[in-house]
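Reviewing the structure listed below.
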Amino acid sequence: MSRSRILGVAVACATVAATSALIVTGSASAGTISGTLYRDPDTPVARWLQSNPGDSRATVIRDRVASQPATRWLSNFNINTVGGEVAAYVNAAASAGQIPALTVYGITNRDCGGASSGGAPDLNQYQTWIGNIARNLGTRTVLLNLEPDSIALLTCLNSSEIAARNQALRTAARTLKAANPNAKVYLDGGHSAWNSAGDQASRLVAAGIAEADGFYTNASNFQPTSAEAAYGRSIISALNNQGVSGKRQVIDTSRNGGASGDWCGDDNTDRRIGQYPTVNTNDANIDAYLWIKPPGEADGCRYAAGSFQPDLAYSLAGSAPNPPSSPPTSPSASTSPSSSASPSPSTSPWVPPGACTATLRTKTWNGGYQGEVTVRSGSATNGWTVSWTLPSGSAINQLWNGTLTTSGSTVSVRNVAWNGGLPAGGSTIFGFTASGTPGTPALSCTTP
């Protein structure tokens, strides 16, 4: 799941080393936004670089992370100070002639009480907080990612609480748009290995996407851009079928250049930064590739949520190519892995032609466990089915990106319409939450 993690609010001013590159993107070639995204000089990574100029990791982190624009998170719920914080950030971007991007993260019962719990004590105070944000947005273009996980993650809410949250999100989007008609407001779209596109579209409609400009996906997660773009097209199609048209997607590409899988990146060295942030997406459905989750800021598993960790930033950036127009890295950085932003295709398990395989990964979650199954095809196929026997005492209570059937303790998951067609060597992911303990079941995969 997305499991977005709180990001710290800047408290001091620092400047990235003078040799850092600021990427200027020019006019948009797709979507609805033109211009250059704002790079805030006052960030945890900038302050770390200022304090650690001789660190062996500094050059890579400077050139491939700190040189890039990432979103500013409004995550500390303080009604009295949020307006001033927003005004300072938006005005700094305006002075630079650039586009600010904010991630608003203060909804009541945030993260279902997980590692990023917090937010407004109640929804009335939440609307006051939103109002103070809205009044300080100015009149220029500003991007607002409204409340990660607020729509995709509803398992802790009952039906009346879901209805109240949907109304709060609808009102928030309307308030932000009314204050600044040039504001671009995007709602939580989850990601491609979570809820089905049809389910997510219905959730977005209920939460008032008609009031917004679109939705963002992959916030703080690791799903490949190609999978997210396909997922976004499916959501847009489902929205159109429900009478809501003209909506576009934003994709978080901050950590999706390597392996996908488990939502927590604190201990995983297979992650890589993905597409550098830009509004030049070359896709009419996608307004921007953003770094919603600033690379190097922790998820809350091994480190405190939102804290900047240089080893995480270096791991993410070490094998990524330099961004366009950035200076070459120092000779000491040449010992980093290959410049490929993604693992070599040869690292994927070989699958015999005409066959498919399924691999299960599990993690303890919410009193039970979360499972993620990667399906790989040996040759082009138009469908797949994965089956296994659940351990005693285990039961699946939620599944996404597949259709579940059960017979006693045996479960079978069949593809849905949008992820059944796989090319030779292709893969897709479905996931589930379950009660009990996962065990080590043997999975079988069959194709038509």
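Take the conditions (1) in contact with a Pro (Cβ under 8 Å, 6 or more places away or on another chain); (2) assigned by TED's automatic domain parsing to the domain that holds residue 420; (3) modelled with pLDDT under 85; (4) not β-branched (Val, Ile, Thr); residue 353 misses just one of them, which is (1).
Can you find a residue that is among the β-branched types (Val, Ile, Thr) and within 23 Å of residue 249 (Cβ to Cβ) anywhere in the stretch 153-161? Steps first, please.
Filtering the stretch 153-161 down to residues among the β-branched types (Val, Ile, Thr) leaves 155.
Pick out the ones that are also within 23 Å of residue 249 (Cβ to Cβ) and you get none.
For the stretch 153-161, residues among the β-branched types (Val, Ile, Thr) and within 23 Å of residue 249 (Cβ to Cβ): absent.
Which ones in the stretch 209-227 are among the β-branched types (Val, Ile, Thr) and assigned to a helix (DSSP H, G or I)? Break it down stepwise before answering.
Pass one, the stretch 209-227, residues among the β-branched types (Val, Ile, Thr): 209, 217, 225.
Within the stretch 209-227, 209, 225 qualify.
Is there a residue in the stretch 116-125 that is surrounded by fewer than 19 Cβ atoms within 10 Å (Cβ to Cβ) and in contact with a strand residue (DSSP E or B) (Cβ under 9 Å, 6 or more places away or on another chain)? No, every residue in the stretch 116-125 fails to be surrounded by fewer than 19 Cβ atoms within 10 Å (Cβ to Cβ) and in contact with a strand residue (DSSP E or B) (Cβ under 9 Å, 6 or more places away or on another chain).
Of all residues in the stretch 209-238, those satisfying the criterion of being without any contact (Cβ under 8 Å) to a residue 40 or more places away in the chain, crowded, with 24+ Cβ neighbours inside 10 Å and either over 16 Å from the mean Cα position of the chain (by Cα) or closer than 13 Å to residue 275 by Cα (or both) are 209, 228.
Pick from the stretch 193-208 the residues that are part of a loop (DSSP other than H, G, I, E, B) and touching a strand residue (DSSP E or B) at 6+ places or on another chain (Cβ under 7 Å): which of them is surrounded by the fewest Cβ atoms within 10 Å (Cβ to Cβ)?
We begin by selecting, within the stretch 193-208, every residue part of a loop (DSSP other than H, G, I, E, B); these are 193-196, 207-208.
Filter again for touching a strand residue (DSSP E or B) at 6+ places or on another chain (Cβ under 7 Å), leaving 193-196, 207.
Values: 193: 27, 194: 26, 195: 26, 196: 24, 207: 27.
Among those that are part of a loop (DSSP other than H, G, I, E, B) and touching a strand residue (DSSP E or B) at 6+ places or on another chain (Cβ under 7 Å), it is 196.
When the residues of the stretch 93-115 are filtered to those that are hydrophobic (A, V, I, L, M, F, W, C) and within 24 Å of residue 178 (Cβ to Cβ), which remaining residue is surrounded by the fewest Cβ atoms within 10 Å (Cβ to Cβ)? Explain how you work it out, then say what you get.
Of the residues in the stretch 93-115, the ones hydrophobic (A, V, I, L, M, F, W, C) are 93-94, 96, 99, 101-102, 104, 107, 112, 115.
Still in the running and within 24 Å of residue 178 (Cβ to Cβ): 93-94, 99, 101-102, 104, 107.
On the way: 93: 25, 94: 17, 99: 22, 101: 28, 102: 23, 104: 24, 107: 25.
The extreme case among them is 94.
Of these, 95, 75, which one is of a type in the set (Gly, Ala, Ser) and under 20 Å from the mean Cα position of the chain (by Cα)? Can you show your working first?
On the way: 95 fails: under 20 Å from the mean Cα position of the chain (by Cα).
On inspection, the qualifying residue turns out to be 75.
Scan the stretch 46-71 for residues that are touching a strand residue (DSSP E or B) at 6+ places or on another chain (Cβ under 9 Å) and surrounded by 24 or more Cβ atoms within 10 Å (Cβ to Cβ) and jot them down. Don't jump to the end; show me each part of the working.
The first filter runs over the stretch 46-71 and keeps only residues touching a strand residue (DSSP E or B) at 6+ places or on another chain (Cβ under 9 Å), leaving 47-48, 68-71.
68, 69, 70, 71, listed by residue number.
Among 175, 155, 128, which is the only one that is surrounded by fewer than 19 Cβ atoms within 10 Å (Cβ to Cβ), at negative phi and modelled with pLDDT under 95?
On the way: 175 fails: modelled with pLDDT under 95; 128 fails: modelled with pLDDT under 95.
Being surrounded by fewer than 19 Cβ atoms within 10 Å (Cβ to Cβ), at negative phi and modelled with pLDDT under 95 holds for just one of 175, 155, 128, which is 155.
Restricting to the stretch 46-97, name every residue that is within 27 Å of residue 139 (Cα to Cα), in a helix (DSSP H, G or I) and among the β-branched types (Val, Ile, Thr). Passing the criteria: 82, 86, 90. Checked against (1) among the small types (Gly, Ala, Ser); (2) surrounded by fewer than 22 Cβ atoms within 10 Å (Cβ to Cβ); (3) in contact with a strand residue (DSSP E or B) (Cβ under 8 Å, 6 or more places away or on another chain), residue 87 passes all but condition (3). What is the number of the single condition among (1) within 25 Å of residue 304 (Cα to Cα); (2) under 24 Å from the mean Cα position of the chain (by Cα); (3) of a type in the set (A, V, I, L, M); (4) part of a loop (DSSP other than H, G, I, E, B) that residue 137 does not meet? Failed condition: (1).
The values are calculated or read from the model by the stated rules, or taken from the named source; none is laboratory data. Note that the coordinates shown come from a computational prediction; the quantities given were computed from them, not determined experimentally. Heads up, the Cβs are rebuilt from the backbone with ideal geometry, glycines too, and the neighbour counts pull from every protein chain shown.
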